[in-house]
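The values are calculated or read from the model by the stated rules, or taken from the named source; none is laboratory data. Source: prediction; values computed, not measured. Quick reminder, even Gly has a Cβ in these numbers, built from the backbone with ideal geometry, and neighbours come from all protein chains shown. To get the accessible areas, we keep the full protein, side chains included, count just its heavy atoms, and leave off ligands, DNA and RNA. Shrake-Rupley method; radii C 1.70, N 1.55, O 1.52, S 1.80 Å.
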Amino acid sequence: MGMLRYSINVTLDGCCDHNVFPSGAAGQAHLEEMHVHHAATMERADALLFGRVVYEMMEEAWRRPASGEWPEWMDERAIGFAETIDAKPKHVVSTTLGAVDWNAELVRGDLAPAVRALKDQHDEVMTGGLTLPLALAELGLIDSYELVVMPVVAGHGPRLFDGLAQQLDLTLVDRKELSSGAVALTYHPAATAD
């Protein structure tokens, strides 16, 4: 069975709002570094698993335009991230979407067996967001948690694993300091941290 890896940016106070970054020039450097880091992380995955909200947000921001040309606002780092996510097979968990495209298919039925089937089909599946990963964590389906901790305190916004029914015991298995001051921390469930 393959592994399911969860990756997300988080502030020092646990905020997971994708619009919260360090400000000014430091914020721009951080954003550029995050594009490179997350593209490399995503490159290792065979497939992506999203909930409806994250799928629609990513599609709007990172799908190659019909013209084939990336928008002028994208620098080479953003284009690298966009090309990586654009090419990956995507699986979308949604009860409200009737159909998806962008190299995607809907995940139907009970979540646990559907995700186990995806893990059987792929060596590595990557997920992000808040709502779907909360459900996946509750079901014990996440094999690796990568938290990219940004050097900022937001003071507001959605929190990581808010509403989790039971404590997750994790073991740190990797730590990478980024030049922007962010730290990528990788954890595995404590029972399987080998």
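Side notes on the structure shown:
- The trypsin sites (Lys or Arg not before Pro) of segment 87-194 meeting both criteria, a DSSP state outside H, G, I, E and B (loop) and at most 16 other C-beta atoms within 10 angstrom of the site's C-beta, are ARG108.
- 27 Å tail of the calculated P(r), the chain, as % of Cα pairs: 28 percent
- Rounded to the nearest 10 square angstrom, TYR187 shows an accessible area of 50 square angstrom against a 1.4 Å probe.
- The magnitude of the dipole of segment 15-155, with charges of +1 and -1 set on the Cβ of Lys/Arg and Asp/Glu and taken from the Cα centre, is near 360 debye.
- Per-pair calculated FRET efficiency, R0 = 30 Å: GLU60 and ARG159 via Cβ, rounded to 0.05: 0.80
- Our estimate of slack between VAL173 and ARG44, defined as 0.36 nm per intervening residue step minus the Cα-Cα distance, is 44.7 nm.
- Over the chain: helical MRE at 222 nm, DSSP H runs n ≥ 4 each giving -39500 (n - 2.57), nearest 500: -10000 deg cm²/dmol
- Distance in nm between pseudo-label sites at LEU106 and ASP17 (7 Å out along the Cβ direction from Cα): 3.2 nm
- Of LEU97, LEU172, LEU147, the one that fluctuates the most in a GNM where the chain has Cα springs shorter than 10 Å: LEU97
- Total formal charge among the other residues, if their Cβ is under 9 angstrom from that of PRO89, Lys/Arg +1 and Asp/Glu -1: 0
- Highest-MSF residue in the chain out of PRO151, PRO71, PRO89 [GNM, Cα springs under 10 Å]: PRO71
- Between segment 44-70 and segment 153-194, the C-alpha centres lie 24 angstrom from each other.
- Note on segment 86-158: Cα Rg divided by 2.2 N^0.38 Å, N the number of residues, gives 1.27.
- Normalised by residue number, the volume inside the convex hull of the Cα atoms of segment 1-112 is 131 Å³ per residue.
- Measuring only protein heavy atoms, the 1.4 Å probe finds HIS188 accessible over about 40 Å².
- Loop-located GluC sites (Glu not before Pro) in segment 39-97, at most 12 other Cβ atoms within 10 Å (DSSP): GLU69, GLU72
- In percent, rounded to a whole number, the relative contact order of segment 36-194 is 22, using alpha-carbon pairs under 8 Å and six or more apart.
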